[in-house]
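Where a number appears in this text, it was derived from the coordinates with a stated rule and is not lab data. Since the model is a prediction, treat every value here as computed from it, not as a measurement. Here the Cβ is made from the backbone with ideal geometry for all residues, glycine too, and neighbour counts use every protein chain on show.
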Amino acid sequence: MEITYEPFEPAHAERLAAFLSGDTWPFHGADVVGEAEARRWVAEGRYDGPDNRAFWITVAGERAGLIRLMDLCDPTPLFDLRIRAGYRGRGLGGAAVVWLTGYVFTGFPDVRRIEGTTRQDNAAMRRAFRRGGYVKEAHHRGAWPSSDGRLHDAVGYAVLRDDWISGTTTPADWDDEPGAGDR
Ligand SMILES: CC(C)(COP(=O)(O)OP(=O)(O)OC[C@H]1O[C@@H](n2cnc3c(N)ncnc32)[C@H](O)[C@@H]1OP(=O)(O)O)[C@@H](O)C(=O)NCCC(=O)NCCS
């Protein structure tokens, strides 16, 4: 399976609107995105500009997914990932995390770490983070509302530049409060 990553351009706005509105997106704030809303997001600069970039994930000429990079002017940018339903579970998400991590650390020398957050029950995304060398470093209870009104826990992952270079993973210091486990 040959995967390519094609930069998003403003001229792709209609394609992006069709991509977003043509599928459902579990584990996002809203499962469904309207075409008008997608066009507004493009107009707001969410997918291009100095701080934000996006890439189509293309398989055999088909747009199978989208990577969105945010806060690229900051030492800690973030990303979001969407794979179309028909392409999920085929390795694209994990490969995309590996690719975007190399892209950001190579192209943005001031970036020290890259972050991502997902819903606790998003098993595929959590494994994709790990595939890219990301480590869980945050757990937010009841922080992720879903469209049915329920509150889910959110989990935060990040990869450090030094770990990416050395191919290691530095764990978060969870036990830094002596005696806290007794309460
Ligand atoms: C989450 C998402 C990006 C993952 O991409 P994907 O292409 O489906 O995932 P992959 O096929 O690369 O699988 C990544 C890992 O998760 C595992 N996995 C895949 N689907 C899974 C599932 N439904 N349940 C549990 N594990 C799963 C794979 O085995 C793989 O594990 P490994 O690296 O140990 O082999 C994609 O499914 C998606 O877009 N989902 C809907 C939107 C979404 O959740 N976006 C993320 C918002 S933060």
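Quick rundown of the values:
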{"item": "Charge dipole magnitude, Cβ of K and R +1, D and E -1 - the chain, Cα centre, debye nearest 20", "result": "540 debye"}
{"item": "Stokes-Einstein translational diffusion, the chain - Kirkwood Rh over all Cα pairs, 1.306 mPa s, 10 °C, in µm²/s", "result": "91 µm²/s"}
{"item": "Residue of Arg53, Arg90, Arg82 that the Gaussian network model of the chain assigns the largest fluctuation, springs spanning Cα pairs under 10 Å", "result": "Arg90"}
{"item": "In Hz, Karplus ³J(HN,Hα) per residue of region 131-141 (6.51, -1.76, 1.60; θ = phi - 60°; x = Gly, Pro)", "result": "4, x, x, 7, 10, 5, 9, 8, 9, 10, 6"}
{"item": "Theoretical FRET efficiency, 1/(1+(r/R0)^6), r = Cβ-Cβ of Asp173 and Met70, R0 22 Å, to 0.05", "result": "0.25"}
{"item": "Estimated vicinal HN-Hα couplings, Hz - region 157-162 in sequence order (Karplus 6.51, -1.76, 1.60; Gly, Pro = x)", "result": "10, 8, 10, 8, 4, 4"}
{"item": "Gaussian network model of the chain, Cα within-10 Å springs - most flexible of Tyr47, Tyr103, Tyr157", "result": "Tyr103"}
{"item": "Average Cα contact separation per residue, the chain, under 8 Å, 6 or more apart, as relative contact order %", "result": "16 percent"}
